[in-house]
1. Through the Karplus equation 6.51 cos²θ - 1.76 cosθ + 1.60, θ set to phi - 60°, convert the phi angles of the stretch 119-131 into ³J(HN,Hα) values in whole Hz; use x for Gly and Pro.
2. Taking other Cβ within 10 Å of each residue's Cβ, how do Tyr204, Tyr128, Tyr84 sort, fewest first?
3. What spacing in nm lies between the two simple spin-label points modelled at Thr200 and Glu183, each 7 Å away from Cα in the Cβ direction?
4. Listed here are the pairs Lys54/Lys208; Lys5/Lys92; Lys54/Lys100; Lys43/Lys130; Lys54/Lys130; Lys92/Lys119; which of them are more than 30 Å apart at the Cα?
5. How would you rank Glu55, Glu123, going from fewest to most other Cβ atoms within 10 Å of each one's own Cβ?
6. How high is the relative contact order of the chain, in percent, with contacts defined as C-alpha pairs under 8 Å that are six or more residues apart?
7. Based only on the alpha carbon positions, what is the Kirkwood hydrodynamic radius of the chain, in angstrom?
8. To make sure I understand, if each residue's beta carbon is the centre and we count other beta carbons within 10 Å, what order do Phe189, Phe67 fall in, fewest to most?
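Quick note: the coordinates plus some simple rules give every number you see, no bench work behind them. This structure is a prediction, so every number in the text was calculated from the model and none was measured. Heads up, the Cβs are rebuilt from the backbone with ideal geometry, glycines too, and the neighbour counts pull from every protein chain shown.
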Amino acid sequence: MKNSKIVAILLAAGSSKRMGQNKISLPLGSSTIGSYGLRQFIKSNIEHIFVVTKENDSLDWIDRDLFHFPNRDYWTQVPCSNAYQGQSFSLKCGLTAALKMNPLSIMILLADQPFLSIKTINEIHQNYIKRTSENPSIPFLAASFQGIPRPPIIFSTNTLPELFMLSGDEGARTLIRKQTKLEGLLVEFENMWDFFDIDTKEAYDVAKGVEFNF
């Protein structure tokens, strides 16, 4: 049930420089890269998703049924006027919006990981709830693949000062990979498709060949 006060920020305001066009609007299966991921997140145990977009995003990459009840109740668009300055600015726009719900924790998601399964999202969600019930001071819990931390990452609101100090194109995972004073937890996963980023035309060609059966 969506009652744990864990909300999510979906970063969907990137410049797609490596792709050369807006990657989240590219067709994937019967949907788009960005919409396929958003649908998975809506179906998960996350309470609410704040979708951070460019300021003038038409949202034409989002399937029409996601604008209707009950799907529409689970996400909110957050237009970010300075998203072009780098991912840290998009993240801060999302954090500012998410904090209005007074969440206990915030999950960071990327719009170019459409194969991230509901099962994996919920496992991370459940792991975080269990582990923080044992130790409330845990600053974050992140997914890991082949020993490398990757989104999704759930941050305690106690880490907000560090998140708001990020600059330029730094993302939330910077805090983990820098081995800062934040000592969180990693949960290892084995399915490579969960963490498949569609950043390039080559990656997109691979993604178009994936079977949509999860």
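1. Listing the rounded values in order: 4, 5, 4, 5, 5, 5, 4, 5, 4, 5, 4, 5, 5 Hz.
2. On the way: Tyr204 18, Tyr128 27, Tyr84 13.
Lowest to highest Cβ neighbour count: Tyr84, Tyr204, Tyr128.
3. Between Thr200 and Glu183, the label points sit 3.8 nm apart.
4. Values: Lys54/Lys208 25 Å; Lys5/Lys92 19 Å; Lys54/Lys100 20 Å; Lys43/Lys130 21 Å; Lys54/Lys130 35 Å; Lys92/Lys119 27 Å.
Pairs exceeding the cut-off: Lys54/Lys130.
5. Details: Glu55 12, Glu123 15.
Ascending Cβ contact count within 10 Å gives the list Glu55, Glu123.
6. Details: 398 pairs, mean separation 52.5, N = 214.
Once normalised by length, the contact order is 25 percent.
7. Working: mean 1/r = 0.0581 Å⁻¹.
17.2 Å is the Kirkwood radius here.
8. Phe67, Phe189
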